[in-house]
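Some notes on the structure that comes next.
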Amino acid sequence: MNSGFEVTIAILTRDAGPVLPRLLDAVFAQQTSLRYEVLAVDSGSTDGSVDTLRRFPLRLIEIPKSEFDWGRTRDFAYQQCASPVVVNLSQDAVPARADWLDRLVAPILEDPVVAVTCGSSIPDPERHFAQFVWERNGYFYFTREIKKFVAKYGRGLSFANSAVRRSVWERLRFDEQPTGEDFQFQKKLHGGGGKIVFPPDAPVLHHHNYSFGGLFRRCRNEGYTLRLLGCPYNELDLAADLLSPGKYVQWLREARRGSLKTTADALFPVLRPVAVYAGSRFARRPVWY
């Protein structure tokens with residue numbers, strides 16, 4: 001283990017697809033004076049992702065698919081490095097600037113009170129599909145379990161694009177968490193007084209395209225996760241969200257623009273609360289989406 005690095009960029013991979021080479025090219029093209037390494041932990045890719053990873057000067061650790069757990073595997077990745085700052089980067093999030101790394105970690109290096117930073121995600125012009133309409137218009141997280149979480153713990157942290165002070169991780173660690181380990185860590189930070197900063201100038205290119213089934217499974221997982229973290233979604237929440245008018249006004253706007261092109265687009269205002277309720281009320285484990 002090399003302790004001479006100032007930053008480790010940790011990427012958890014499984015069947016990362018065609019974006020992975022672009023991501024790695026952008027990571028290794030960073031214009032920075034920081035000494036950084038890249039660590040990839042792959043959990044059973046079968047699509048050629050491992051071959052892609054081996055073409056780059058990074059450390060690769062392979063684990064069986066059966067051993068993967070978002071919290072446990074991320075904790076394992078942190079254990080493999082000694083850098084004072086660890087960056088979490090999603091396998092499909094491409095750094096959008098050559099100074100992305102500097103901008104993302106600067107608040108941690110400059111202020112000892114800052115525990116975590118979280119950069120933004122912006123649409124990727126090179127992907128063959130448009131950003132999901134309900135992500136683009138800001139209504140994706142309109143349901144009440146998210147509002148409960150934000151009221152308790154503040155603006156949501158995402159490990160798609162974030163940096164963590166290692167000493168904070170050593171104190172809090174990641175517990176076993178089948179999904180939503182970023183929510184879990186934010187809850188711990190809140191209890192431990194850790195400060196989160198959201199630098200506006202450290203974006204990644206990252207957006208999603210959903211099938212109806214994939215969208216339902218994601219929202220179901222979020223309901224399940226938030227229940228585990230003390231923000232359940234009950235029948236009153238479901239009724240309130242189904243009856244709230246704001247998203248339907250937005251639905252009419254999107255319909256007039258011709259933006260509702262798929263079943264997932266058109267049914268999202270109902271799909272999300274129903275799926276979140278199913279996850280919160282009935283799910284006993286997450287599903288891969």
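Of the residues making up region 204-216, those that are more than 13 Å from the chain's Cα centre (by Cα) and either of a type in the set (S, T, N, Q) or crowded, with 19+ Cβ neighbours inside 10 Å (or both) number 5. Suppose the filter is closer than 20 Å to residue 120 by Cβ and either surrounded by fewer than 18 Cβ atoms within 10 Å (Cβ to Cβ) or over 15 Å from the mean Cα position of the chain (by Cα) (or both); does residue 190 pass it? For residue 190, the condition - closer than 20 Å to residue 120 by Cβ and either surrounded by fewer than 18 Cβ atoms within 10 Å (Cβ to Cβ) or over 15 Å from the mean Cα position of the chain (by Cα) (or both) - is not met.
Beta carbons closer than 6 Å, at least 6 apart along the sequence or on distinct chains, never pair a first residue in region 11-31 that is closer than 11 Å to residue 94 by Cβ with a second that is part of a helix (DSSP H, G or I) and modelled with pLDDT under 95.
Total residues in region 50-105 satisfying the condition of being in contact (Cβ under 8 Å) with a residue 40 or more places away in the chain, part of a helix (DSSP H, G or I) and not charged (D, E, K, R): the figure is 10. What number of residues within region 1-39 satisfy the criterion of being under 22 Å from residue 124 (Cβ atoms), touching an Asp or Glu at 6+ places or on another chain (Cβ under 9 Å) and among the small types (Gly, Ala, Ser)? The number of residues fulfilling the criteria is 2. Which residues, taken from region 249-289, are loosely packed, with under 15 Cβ neighbours inside 10 Å, among the hydrophobic types (A, V, I, L, M, F, W, C) and modelled with pLDDT of 95 or more? Within region 249-289, 249, 252, 255, 270, 282 qualify.
The single condition among (1) among the charged types (D, E, K, R); (2) under 21 Å from the mean Cα position of the chain (by Cα); (3) outside any helix (DSSP H, G or I) that residue 227 does not meet is (3).
Residue-level analysis places residue 103 among those that are touching a Pro at 6+ places or on another chain (Cβ under 9 Å), among the basic types (Lys, Arg), farther than 30 Å from residue 255 by Cα and assigned by TED's automatic domain parsing to the domain that holds residue 19. None of 92, 47, 51 is surrounded by fewer than 16 Cβ atoms within 10 Å (Cβ to Cβ) and closer than 21 Å to residue 127 by Cα except 47. Within region 224-248, being within 24 Å of residue 131 (Cβ to Cβ) and surrounded by fewer than 11 Cβ atoms within 10 Å (Cβ to Cβ) holds for one residue alone: 246. Just one of (1) out of contact with any Lys or Arg (no Cβ under 6 Å at 6 or more places or on another chain); (2) at pLDDT 95 or above; (3) within 23 Å of residue 165 (Cα to Cα) fails for residue 69. It is (2).
Candidates are the residues of region 56-78 that are among the β-branched types (Val, Ile, Thr) and closer than 22 Å to residue 7 by Cβ; the one that is surrounded by the most Cβ atoms within 10 Å (Cβ to Cβ) is 73.
Picking from residues in region 1-44 that are touching a strand residue (DSSP E or B) at 6+ places or on another chain (Cβ under 6 Å) and part of a loop (DSSP other than H, G, I, E, B), the one that is farthest from residue 67 (Cα to Cα) is 34.
On the stretch given as region 150-199, residues that are at pLDDT 95 or above, under 13 Å from residue 115 (Cα atoms) and small (Gly, Ala, Ser) total 3.
The values are calculated or read from the model by the stated rules, or taken from the named source; none is laboratory data. Predicted, not measured: the structure shown is a model, and the values here were computed from it. We place every Cβ from the backbone using ideal geometry, glycine too, and count neighbours over all the protein chains shown.
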